[in-house]
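Take a look at the structure set out below.
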Amino acid sequence: MIIAASPPQGPDPERQEPAATDPGTRARVRAAVAEHGPVTVAALAPVLGLTVAAVRRHLDAMEAEGVVEVRGPSAGGRPRGRGRPAREYVVSSSGHRELPAGYDEMALSALAFLAESGGPAAVEGFAEVRARALEARLVQAVEAVGDDVAARVQALAGALAAEGYAASARPVGAGTGAEGTQLCQGHCPVQRVAERFPQLCEAEARAFERVLGTRVQRLATLAHGDHVCTAHVSAERRATPRGTAATQTPRATSGNSRPTTEGHRR
């Protein structure tokens, strides 16, 4: 007697998803958390083109390894009704060390030697030279969009993202005295060095001011232990002649000014 074979079943969506150990997908998930965090599984799924279950598997694996961590929902988050509030993920300190870095132990040793032999002014001078080089790479993309400050910040975020900073920007404080744009950098290629030498962060903020032609105020930095570098960009453009961003004298800024503002949200 011949027994007919059972018809093949349709594809199982869950079996089609990459395994939680797949390195390529893992890198994409980690990069998305760096750019959008704090972020929920439900918000990440459409960004990555994966199911919620698949994203959760990756995040659970990375959380167990200490690559990502859970932050409590922000007070300004929308209510979810019944049940527990959604878990929001950020990249942990060890997870940031897995992301591409532009400096290593040699850079730390070199700056430590520079600080010892030349004093604080030598480190500040190096930080300014590095910031000017970054500024020269960013200014063309920003100038191309014209004078609108919000558009300039968006262009700056795009240029920074191309540099590996996982940057994004969004408007904040509409209709208030704090109206402007919030610039976020979910990854810093020099985070380890900046933890010891904050002059790098300060010089970078001054470079952003020159490129944008308006005030940039640091609110949080990865180097200080925050989950993202955040800056508030004033909506008012200064009367700055076009084409002079890379040659103006930098204005001194305080690296300790951290007023309250809206958090980095998606």
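Mind listing whichever residues of the range 207-220 are in contact with an Asp or Glu (Cβ under 9 Å, 6 or more places away or on another chain) and either open to solvent by 40 Å² or more (accessible area, probe 1.4 Å) or not in a helix (DSSP H, G or I) (or both)? Spell out how you get there, then give the answer.
Of the residues in the range 207-220, the ones in contact with an Asp or Glu (Cβ under 9 Å, 6 or more places away or on another chain) are 207-208, 210-211, 213-216, 218-220.
Answer for the range 207-220, where residues must be in contact with an Asp or Glu (Cβ under 9 Å, 6 or more places away or on another chain) and either open to solvent by 40 Å² or more (accessible area, probe 1.4 Å) or not in a helix (DSSP H, G or I) (or both): Gly213, Thr214, Arg215, Val216, Arg218, Leu219, Ala220.
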Are any of the residues in the range 36-47 over 17 Å from the mean Cα position of the chain (by Cα), closer than 28 Å to Glu163 by Cβ, modelled with pLDDT of 85 or more and surrounded by fewer than 13 Cβ atoms within 10 Å (Cβ to Cβ)?
-> yes
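In the range 87-101, how many are assigned to a loop (DSSP other than H, G, I, E, B), open to solvent by less than 60 Å² (accessible area, probe 1.4 Å) and modelled with pLDDT under 75?
Within the range 87-101, the subset assigned to a loop (DSSP other than H, G, I, E, B) is 87, 92, 99-101.
Imposing the further condition that a residue be open to solvent by less than 60 Å² (accessible area, probe 1.4 Å) reduces the set to 92, 99.
Okay, now just the ones that are also modelled with pLDDT under 75, so 99.
Here the count works out to 1.
Restricting attention to the range 187-194, does a residue exist that is open to solvent by less than 30 Å² (accessible area, probe 1.4 Å), part of a helix (DSSP H, G or I), under 23 Å from Glu105 (Cβ atoms) and modelled with pLDDT under 85? Write out each step before concluding.
Keep residues of the range 187-194 that are open to solvent by less than 30 Å² (accessible area, probe 1.4 Å), which gives 187-191, 193-194.
Checking the rest, the ones that are also part of a helix (DSSP H, G or I) come to 191, 193-194.
Still in the running and under 23 Å from Glu105 (Cβ atoms): 191, 193-194.
From what is left, the residues that are modelled with pLDDT under 85 are 191.
Scanning the range 187-194, I find at least one residue that is open to solvent by less than 30 Å² (accessible area, probe 1.4 Å), part of a helix (DSSP H, G or I), under 23 Å from Glu105 (Cβ atoms) and modelled with pLDDT under 85, so the answer is yes.
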For Gln140, which of the numbered conditions (1) in contact with a helix residue (DSSP H, G or I) (Cβ under 6 Å, 6 or more places away or on another chain); (2) within 20 Å of Gly213 (Cβ to Cβ); (3) of a type in the set (S, T, N, Q) fails to hold?
-> (1)
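Among the candidates Ala178, Ala174, Ala169, Ala157, which residue alone is under 14 Å from the mean Cα position of the chain (by Cα) and outside any helix (DSSP H, G or I)? I'd like the intermediate steps shown before the answer.
Values: Ala178 fails: under 14 Å from the mean Cα position of the chain (by Cα); Ala174 fails: under 14 Å from the mean Cα position of the chain (by Cα); Ala157 fails: outside any helix (DSSP H, G or I).
After applying the criteria, what remains is Ala169.
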Got a number for residues in the range 132-169 being open to solvent by 40 Å² or more (accessible area, probe 1.4 Å), closer than 21 Å to Val228 by Cα and in contact with a Lys or Arg (Cβ under 8 Å, 6 or more places away or on another chain)?
-> 1
Which numbered condition trips up Cys229, out of (1) modelled with pLDDT under 95; (2) more than 14 Å from the chain's Cα centre (by Cα); (3) hydrophobic (A, V, I, L, M, F, W, C); (4) surrounded by 23 or more Cβ atoms within 10 Å (Cβ to Cβ)?
-> (2)
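The values are calculated or read from the model by the stated rules, or taken from the named source; none is laboratory data. Note that the structure is predicted; figures quoted are calculated from it, not measured. Glycine gets a Cβ as well: all are built from the backbone with ideal geometry, and neighbour counts include every protein chain shown. We work out accessible area using only protein heavy atoms, side chains counted, and drop any ligands, DNA or RNA first. Shrake-Rupley method; radii C 1.70, N 1.55, O 1.52, S 1.80 Å.
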